[in-house]
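The block underneath contains the structure these notes are about, expressed in structure tokens.
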Amino acid sequence: MQISLARQVALVTGASSGIGAASARTLADAGAAVVINYHSSAGPAEALAREINANGGHAIAVGADVSKEPDVERLFAQTLEAFGSLDILVANSGLQKDAATVDMRLEDWNTVIGTNLTGQFLCARAALRIFTRQGIRQGVSRAAGKIIHMSSVHQRIPWAGHANYAASKGGVDLLMQSLAQETSHQRIRINSIAPGAIRTAINRDATEGAQEQKLLELIPYGRVGDVEDVANAVLWLASDLSDYVVGTTLFIDGGMSLYPRFRDNG
Ligand code: NAD
């Protein structure tokens, strides 16, 4: 079955690399016009937009720091200017600034919370304002808008040495559920994806060489995930195939959240 997002507009934050880039490409392949947000890497974002346009799709690259309110407002205004509407937000931007808590600088705490949690709030708020104004676009989608928050297995699994990151993703979980509770009567669908270990820049140290073997002990399914594993879930959550899915988190983790160390009786 082919999923079509024809006549829909998607905005993907942090889409110059990794999961965001794969999601933007997959949504464009399904027919959506795509806004590729980037933070500092204009080159890869513009190259991806060129690739999508050369393949007959519609894409633009827009720089914005999702932790900054004026940037986010401009990002959404440019989306409407370019494509006239918004149907799908993939709030994907995220980063890590790891340290044992005793050594963690307030600046690194604030940067992670600012991007991973406040950034998701600012983008979701901007999208909701548009969805509410727009309502259901007849013949385009059954929903008045869809938001997909990129969370992590660490919304559930505590993570020593990464307290800022785990706190941000735990926050995303209840942000997502609260927004879904608040807006689903308007036929707005909000869900999260919680990836496990996906091979991208964010975790290169853990997924390469000898470290990969150690990581695999935590993944019952026996392989590190690819960005397409997540992008395919983004596509499904963005489409009407998931029209009755509201306020839930889809774990894409090869079983990482199943406490694999308990497999042999703990
Ligand atoms: P990545 O580093 O390739 O992508 C993160 C993107 O976020 C980058 O493009 C970066 O430029 C962007 N970004 C960072 N700060 C930003 C800001 N202030 N404004 C706008 N964009 C900003 O890594 P990824 O693995 O593709 O990560 C994407 C998302 O997936 C993140 O939210 C991450 O927490 C989540 N995630 C990844 C994994 C994994 O194993 N790779 C696992 C769980 C969750």
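The values are calculated or read from the model by the stated rules, or taken from the named source; none is laboratory data. Small disclaimer: the values here were computed from a predicted structure and weren't measured. Ideal geometry is used to build each Cβ from the backbone, glycine not excepted, and the neighbour counts take in all protein chains shown. The area values use the complete protein model at the heavy-atom level, side chains included, leaving out ligands, DNA and RNA. Shrake-Rupley method; radii C 1.70, N 1.55, O 1.52, S 1.80 Å.
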(request) Identify, by number, the condition in (1) open to solvent by less than 20 Å² (accessible area, probe 1.4 Å); (2) of a type in the set (A, V, I, L, M); (3) more than 19 Å from GLN155 (Cβ to Cβ) that VAL227 doesn't meet. (result) (1)
(request) Go through the stretch 184-237 and count every residue that is under 22 Å from the mean Cα position of the chain (by Cα), at pLDDT 95 or above and more than 30 Å from ALA143 (Cα to Cα). (result) 5
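Strands (runs of 3 or more DSSP E) wholly in the stretch 1-67 with at least 1 residues that are polar (S, T, N, Q), away from the ligand (no atom under 16 Å from the Cβ) and under 27 Å from VAL224 (Cα atoms) - which ones?
Numbers: elements: 9-12, 33-38, 59-63.
Correct list: empty, since no element meets the threshold.
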(request) Go through the stretch 135-168 and give me each residue that's open to solvent by 10 Å² or more (accessible area, probe 1.4 Å) and either within 14 Å of the ligand (Cβ to nearest atom) or touching a Gly at 6+ places or on another chain (Cβ under 7 Å) (or both). (result) HIS154, GLN155, ARG156, ILE157, TRP159, HIS162, TYR165, ALA166, ALA167
(request) Can you tell me which residue within the stretch 70-109, out of those that are within 12 Å of the ligand (Cβ to nearest atom) and part of a helix (DSSP H, G or I), is surrounded by the most Cβ atoms within 10 Å (Cβ to Cβ)? (result) VAL72
(request) Take the residues in the stretch 177-210 that are assigned to a helix (DSSP H, G or I) and within 13 Å of the ligand (Cβ to nearest atom), then tell me which one is most open to solvent (accessible area, probe 1.4 Å). (result) ASP205
